[in-house]
Amino acid sequence: MPVRVVVADLTIDRNSKTPLVILQETGGGRKLPICIGLMEASAIAAAKENLVLPRPMTHDLLRNIMGELGGVLESVLVCDLQDGTYFAKLKLRVNGQLLEIDSRPSDAVALALRTQAPIWVSESVFEEAGIEQEQEGPEKWAKFLKDLDPDAFGKYKM
């Protein structure tokens, strides 16, 4: 069953120095980091920031073409992971017919952000490559303080 996600962040991988888009499960703590290209990262950032450029970028052009042809991007799905490569599908409705079009996840996300289409990730992809978000908030600090050794305070005895 697919899991609804949002674009939580764009960042740079410390080791490879490549851009990453971080998809996060809505209502949950799992995240899915996907390596993307620099141009795709720029396209996603522009869409997240609602930047309006004087000339359309590639994903803006695709959105405009879909609109002129009466197409609606219903959703995108990151559907598979094979040998370190992610696969996605665009679910596009044209003239009442639902089409599934193969896409790179970065292009699918950039287009989804421009059309407000929902983004989904297959559960199998999350199981293979998802990471659990670290616990945050008061519970994290309560556990930290409970487990803290009083000797850690050195000369500042409690």
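The values are calculated or read from the model by the stated rules, or taken from the named source; none is laboratory data. It should be emphasised that the depicted structure is a prediction, and the values quoted were computed from it without experimental measurement. FYI the Cβ positions are ideal-geometry reconstructions off the backbone, even for glycines, and counts take in every protein chain you see.
Structure notes:
- Filter pass, G28 being exposed (fewer than 13 other Cβ atoms within 10 Å of the Cβ) and outside any strand (DSSP E or B): no
- Scanning the stretch 91-118 for residues that are under 15 Å from the mean Cα position of the chain (by Cα) and more than 22 Å from V52 (Cβ to Cβ) yields S103, R104, P105, P118.
Table: residues versus (1) among the polar types (S, T, N, Q); (2) surrounded by 12 or more Cβ atoms within 10 Å (Cβ to Cβ); (3) free of Cβ contacts under 8 Å to residues at least 12 places away in the same chain.
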residue	(1), (2), (3)
L38	no, no, no
R55	no, no, yes
L69	no, no, no
K91	no, yes, no
L113	no, yes, no
A117	no, yes, no
G130	no, yes, no
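- Unique residue being farther than 22 Å from V125 by Cα and not aliphatic (A, V, I, L, M) when the list is R104, R4, R55: R55
Results for (1) at pLDDT 95 or above; (2) in a loop (DSSP other than H, G, I, E, B); (3) among the hydrophobic types (A, V, I, L, M, F, W, C), shown as yes or no for each residue.
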position	(1), (2), (3)
R4	yes, no, no
S16	no, yes, no
L20	yes, no, yes
L32	yes, no, yes
A41	yes, no, yes
